[in-house]
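What follows is a short report on a single structure.
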Amino acid sequence: MIKSMTGYGRARETRNGRDITVELRSVNNRYLDCTVKMPRVYIFAEDKVKALVQKAVSRGKVDVFITIDETEAESAVVAVNKPLAEGYLRAIGELERNYGLVPDLTAYRLARFPDVLTVTKAEEDLEAVSADICAVLTRAISAYNAMRETEGAKLAEDLLGRLDTIEALTAAVEERSPQTVAEYREKLLARMQEVLNSTTIDESRILTEAAIFADKVAVDEETVRLRSHLSQLRIMLQGSEPVGRKLDFLIQEVNREANTIGSKCNDVAIARKVVDLKAEVEKIREQVQNIE
């Protein structure tokens, strides 16, 4: 099943004391452009996050938002700077002795002196933290892909309907094309009779001119190639691999055949069919820009 390039997915889970929330959203883009926004202290996991996204998405502008609340995790260590605390104590003791001060120092007061207590981040297993983030990301990607598949199914349905319309218009062109040759032959005969004012007309000359005209306006090769392209498009739309770029290329080929048919025909009825055909091709081209 084809996927749309636009989608959204979200997952939230508490793992090892960290409340991790991951959101993905994407819009159309010619190539894959992945941007990750997460707390700087977890930037070490960015490469693994991008690698996981790249496995799931082939193209599109993907924004990944990661928020982490670690209030329940043992993420901080408070330690006593013993040399500094002892230095403060010696200095305060000297003040007491030299100036006859009454000692009233408490542990709480000592702890408030600059840098007596130090707070450092607990040493973490970076691989384990990255694994936790990626686990939540995997769930978010699943939700994101589910949304893209739903949208892709709608796109495929619309495109298949338009392909049916193009095929019907192609059949109408094929049916009408031989009639234009017969009509040309009749018009040519009438003009020659009028010019020559005679009922004796060189039939071989008429046949030759009609054959030349038929060769000029023949669109058999174009309609055969066009039908082949339509068949390939249907197969791609029913597949599961990313086919956006291939679809875009084939639509260009369909448009090329339509242009050739339009340039060959000098029949009003066929010209109208070609205009309708090209209008459908343009609508398909617009829709294909949304497919991964």
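Every number in this text was worked out from the coordinates using simple rules, so none of it is lab data. Please read these numbers as outputs of a predicted model, since none were measured by experiment. Here Cβ is always computed from backbone atoms with ideal geometry, including for glycine, and neighbour counts include all displayed protein chains.
Rounded to the nearest whole Hz, the Karplus-based 3J(HN,Hα) values (6.51 cos²θ - 1.76 cosθ + 1.60, θ = phi - 60°) of the stretch 20-29 follow the sequence 9, 10, 10, 10, 10, 8, 9, 9, 5, 7, with x at glycine and proline. Close amide-amide hydrogen proximity is noted between Met5 and Ile291, Glu292, each under 5 Å apart and 5 or more residues distant or on a separate chain (H modeled in the peptide plane; Pro and chain starts excluded). Amide hydrogen proximity for Val64: with H placed 1.01 Å from N in the peptide plane, the residues at 5 or more positions away or on another chain lying under 5 Å are Thr35, Val36, Lys37. In this structure, Asn266 and Lys154 have a Cβ-Cβ separation that, at R0 = 45 Å, corresponds to a calculated FRET efficiency of about 0.65.
Quote to one decimal, in nm, the extra length available between Lys283 and Glu124 on full extension: 0.36 nm per residue of separation minus the C-alpha distance between them.
51.9 nm
For the stretch 76-121, the convex hull drawn through the C-alpha positions has a volume of 59 cubic angstrom per residue. Note on the stretch 227-292: Cα convex hull, mean projected area over all directions, 4.3 nm².
Under 5 Å between amide hydrogens, built in the peptide plane, is the criterion, and for Glu124 it picks out nothing among residues at least 5 positions away or on other chains. Residues in the stretch 261-266 carry Karplus couplings, in order, of 4, x, 6, 7, 7, 10 Hz; the curve used is 6.51 cos²θ - 1.76 cosθ + 1.60 with θ = phi - 60°, and Gly or Pro positions show x. State, as an integer percentage, the relative contact order of the stretch 76-121 based on alpha-carbon contacts under 8 Å between residues 6 or more apart. It comes to 70 percent, rounded to a whole number. Take the Cα of Arg30, go 7 Å toward its beta carbon, and the backbone nitrogen atoms of the stretch 44-59 under 19 Å from that spot belong to 58-59. Note on the stretch 16-170: Lys pairs 8 or more places apart or on different chains, Cα atoms under 29 Å apart, count 13. Scalar couplings 3J(HN,Hα) for the stretch 4-17, obtained by applying the Karplus form with A = 6.51, B = -1.76, C = 1.60 to θ = phi - 60°, are 6, 7, 9, x, 8, x, 9, 8, 9, 7, 9, 9, 6, x Hz; x denotes Gly and Pro.
Cβ crowding within 10 Å ranks Val78, Val136 as Val78, Val136, fewest other Cβ atoms first. Per-residue Cβ neighbour counts within 10 Å put Glu124, Glu23 in the sequence Glu124, Glu23, beginning with the fewest.
Available extension along the chain between Asp104 and Arg227 is 34.6 nm, counting 0.36 nm per residue and deducting the alpha carbon span.
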